[in-house]
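The values are calculated or read from the model by the stated rules, or taken from the named source; none is laboratory data. Since this is a predicted model, take the numbers as computed values, not measurements. Because the Cβ atoms are built from the backbone with ideal geometry, glycine has one as well, and the counts that use them run over all protein chains shown. For the accessible areas, the whole protein counts, side chains as well, though only heavy atoms, and no ligand, DNA or RNA atoms are used. Shrake-Rupley method; radii C 1.70, N 1.55, O 1.52, S 1.80 Å.
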Amino acid sequence: VFFQRTIIDILHIIPDFILELEENQLYLSLNSRNVPELRVSASYQEMLQEYSSNKKNNSKEQKEAVLFVKQKLDSAKWFIDAIKQRNVTLLKTMNAIVEEQYAFFLEGDDTKLRPMKLKDIADKVGFDVSTISRVSNSKYVQTEFGVFPLKYFFSETMQTASGEEVSNKEI
């Protein structure tokens with residue numbers, strides 16, 4: 001008898017946000033568990049200061065080295081600032097989603113989801129709709145009720161027979 005082995009690929013989702021519920025209060029944080037702290041090496045900054053303070057005695061090669069190190073330090077600082085700005089954008093956007101869908105995040109009940117569009121969040125935080133789309137695309141939040149893609153919280157408005165506006169997910 002010949003047995004065929006099948007390999008099951010398991011998709012592991014690492015959430016970008018963690019939303020914790022403590023005493024009826026929600027606490028949001030970025031999941032930075034797998035992200036190292038970025039910083040510029042102090043030895044490079046010291047090297048730059050040392051060469052810069054002794055400009056008169058530096059050879060041409062040393063001056064070129066100083067320029068090279070300065071460019072790399074500036075690039076590294078720019079990159080670190082860009083990552084910090086990204087994190088601010090992520091948190092502002094997710095905080096706005098939590099505010100809009102607060103009742104859902106307290107209970108995990110789909111009927112508590114409010115109709116919400118990308119434009120609603122964009123208007124609330126002052127970003128372009130395309131920014132909100134990028135932030136919510138392929139991002140996940142871990143809640144007391146499971147892990148959800150951010151896109152899950154966006155839905156169209158539907159009207160009930162009584163004229164009440166509800167999320168199409170509630171229907």
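Taking packing as the residue-averaged number of other Cβ atoms within 10 angstrom, the listed peptides 63-72, 76-85 run from highest to lowest as 63-72, 76-85. Modelled label positions at Arg86 and Glu22, each set 7 Å beyond Cα in the direction of Cβ, lie 2.8 nm from each other. Shown is the FRET efficiency for Lys119 and Ser41, computed with R0 = 35 Å from the Cβ-Cβ distance and rounded to the nearest 0.05: 0.20. Across region 145-153, coupling constants 3J(HN,Hα) worked out from phi with the 6.51/-1.76/1.60 Karplus curve, θ = phi - 60°, read 10, x, 9, 10, x, 4, 4, 4, 7 Hz, and Gly and Pro carry x. Once you order the gyration tensor axes a ≥ b ≥ c over the Cα atoms, which shape class does region 18-138 get: rounded for a/c under 1.5, otherwise prolate or oblate by comparing a/b with b/c? Taking the square roots of the gyration eigenvalues as a ≥ b ≥ c, region 18-138 is prolate.
Shown is the FRET efficiency for His12 and Ser53, computed with R0 = 30 Å from the Cβ-Cβ distance and rounded to the nearest 0.05: 0.05.
Potential lengthening of the chain between Leu73 and Tyr102 amounts to 6.2 nm, from the contour at 0.36 nm per residue minus the alpha-carbon distance.
Kindly flag which residue pairs out of Lys72/Lys119; Lys77/Lys124; Lys72/Lys117; Lys92/Lys112; Lys60/Lys84; Lys72/Lys124 have an alpha-carbon separation exceeding 32 Å in this structure. Checking Cα-Cα distances, Lys72/Lys119; Lys72/Lys117; Lys60/Lys84; Lys72/Lys124 exceed 32 Å. Heavy-atom accessible surface of Glu107, to the nearest 10 Å², is about 100 Å², with a 1.4 Å probe and all protein chains retained.
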